[in-house]
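Everything on this sheet refers to the single structure shown next.
The values are calculated or read from the model by the stated rules, or taken from the named source; none is laboratory data. None of these values were measured; they are calculated from a predicted model. Cβ: placed from backbone, ideal geometry, glycine included. Neighbour counts: every protein chain shown.
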């Protein structure tokens, strides 16, 4: 998914007001609404990055959307757009999204199945909800790649995790290891990602790595961790030092959430639009490459990528691509 901000700001991620270590208590991070696009602008709820916390482990971007009536919102309509220095993690609760990218991958995102795309040195992809989709509901997540791997070969993987029953809870582990289940997909940082569903009033204690930071993204219902309650779109953050997270669903209905965790990233990044780099000048270069490489397609021609092209060969199915927004006036530098 593309960052839908019309005027994205350039963010230096890594210095957070919410501490990354401390007593094992949860802090609820709020969200802000951002229109995704399409004929009637389907809204998404963005809980990461924000001023209080820009990273949870290597997780650097958390968008939650739906359930949306596609007949009213227009669904997901995201033409070809670029990424660098990250992995996109696509997870659906309902609906279906068609994915194409410049590695040649053509796949569908379906509920309970993971699509993970490694941008590395540069990739472009498109996402459209399918004609049969009536309700669209899911999360789009990004993972920042560490310095040693941020120019990795672009790639795409699909994984359908098995359902695991744990003390009455329904768990799907799509990244890392949890409750004895391990995802086989490629990761470049120590991460965990899982969908957990609790029946009304039920509780679950999750044993987690105390060297990791964790966030619980509320999808449906309400849940309580410690003395705080999270509602849909909110992220309950736990700093390092937490060994167990006790979650209790509200009494009025089931609660579903995504558990996202990882070792503190330990690096600072510059994030603007769909790019992650290490400096303002590098991000400027990513934008210039995209604008140059998309120009032939917008002029109606199709050709294989030229030698040295960052973003690869555009799929023939693409009629249009997204132009990069204008750069901000403010120049930021990564620190560290």
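A few points about this structure:
- Within the range 56-74, the set of residues being in contact (Cβ under 8 Å) with a residue 40 or more places away in the chain and more than 12 Å from the chain's Cα centre (by Cα) comprises 57, 66, 67, 68, 69, 70, 71, 73.
- Candidate set: the range 215-231, residues that are free of Cβ contacts under 8 Å to residues at least 40 places away in the same chain and buried (at least 23 other Cβ atoms within 10 Å of the Cβ); chosen: the one nearest to residue 53 (Cα to Cα): 218
- Taking the range 264-297 as the range and being assigned to a loop (DSSP other than H, G, I, E, B) and closer than 26 Å to residue 122 by Cβ as the test, the residues that pass are 265, 266, 267, 268, 273, 274, 278.
- Criterion applied to 211, 242 was being touching a residue at least 40 places away in the same chain (Cβ under 8 Å), under 23 Å from residue 64 (Cβ atoms) and either in contact with a helix residue (DSSP H, G or I) (Cβ under 7 Å, 6 or more places away or on another chain) or in a loop (DSSP other than H, G, I, E, B) (or both), and the one residue passing it is 242.
- Of all the criteria given as (1) farther than 26 Å from residue 310 by Cβ; (2) free of Cβ contacts under 8 Å to residues at least 40 places away in the same chain; (3) part of a loop (DSSP other than H, G, I, E, B); (4) touching a strand residue (DSSP E or B) at 6+ places or on another chain (Cβ under 9 Å), the one not satisfied by residue 33 is (3).
- The range 123-180, subset in contact with a helix residue (DSSP H, G or I) (Cβ under 9 Å, 6 or more places away or on another chain) and crowded, with 24+ Cβ neighbours inside 10 Å, residue farthest from residue 101 (Cα to Cα): 136
- Put simply, of 100, 53 the only residue that is touching a residue at least 40 places away in the same chain (Cβ under 8 Å) and outside any strand (DSSP E or B) is 53.
- Only a single criterion out of (1) surrounded by 15 or more Cβ atoms within 10 Å (Cβ to Cβ); (2) under 28 Å from residue 56 (Cβ atoms); (3) modelled with pLDDT of 90 or more is not satisfied by residue 253, namely (1).
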